[in-house]
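Worksheet: one structure, shown below.
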Amino acid sequence: MADQEGATAVAEPDALSAPAPARDLPWVTLVLNDPVNLMSYVEFVFREYFGYPRAKARKLMLEVHEKGRSRVSTGTREQMETDVQAMHGYGLWAECRPADDRGDQT
């Protein structure tokens, strides 16, 4: 601020164009292939927990089986952590990460 009466402070251009905080970026939940669970069970979990229709649940399950992982949900970090915990509760391998991370591509 200036010492002169009536002077106003002006924000630096860099401060105005700063990127959004990381917490505002979307996150994803990835389900990973594992050697234990049957494909039909993975499809069931996707339908039961996420409420996906049979066709979408099957498509995601096949991505897990054939590609080793599938992005099953997108949202806030907190919601993705909740989804990962739910997948662990069903016995599936899952992780969450920022959506712009290269590893979330299926």
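The values are calculated or read from the model by the stated rules, or taken from the named source; none is laboratory data. Everything numeric here is computed off the predicted structure, so don't read it as measured data. Here the Cβ positions follow ideal geometry from the backbone for every residue, glycine too, while neighbour counts run over all protein chains shown.
Select from segment 61-76 the residues that are surrounded by 17 or more Cβ atoms within 10 Å (Cβ to Cβ) and over 11 Å from Leu32 (Cα atoms) and list them in ascending order. Once the filter is applied, which keeps residues that are surrounded by 17 or more Cβ atoms within 10 Å (Cβ to Cβ) and over 11 Å from Leu32 (Cα atoms), segment 61-76 yields only Ser73. For segment 1-101, the helices (runs of 4 or more DSSP H) that sit wholly inside it and include 3 or more residues that are out of contact with any Cys (no Cβ under 9 Å at 6 or more places or on another chain) and modelled with pLDDT under 95 are 13-16.
Cβ separations smaller than 8 Å between residues 6+ apart or across chains give the following pairs from segment 33-51 residues that are crowded, with 17+ Cβ neighbours inside 10 Å to residues that are assigned to a loop (DSSP other than H, G, I, E, B) and among the hydrophobic types (A, V, I, L, M, F, W, C): Asn37/Leu92; Val42/Leu92; Val45/Leu92.
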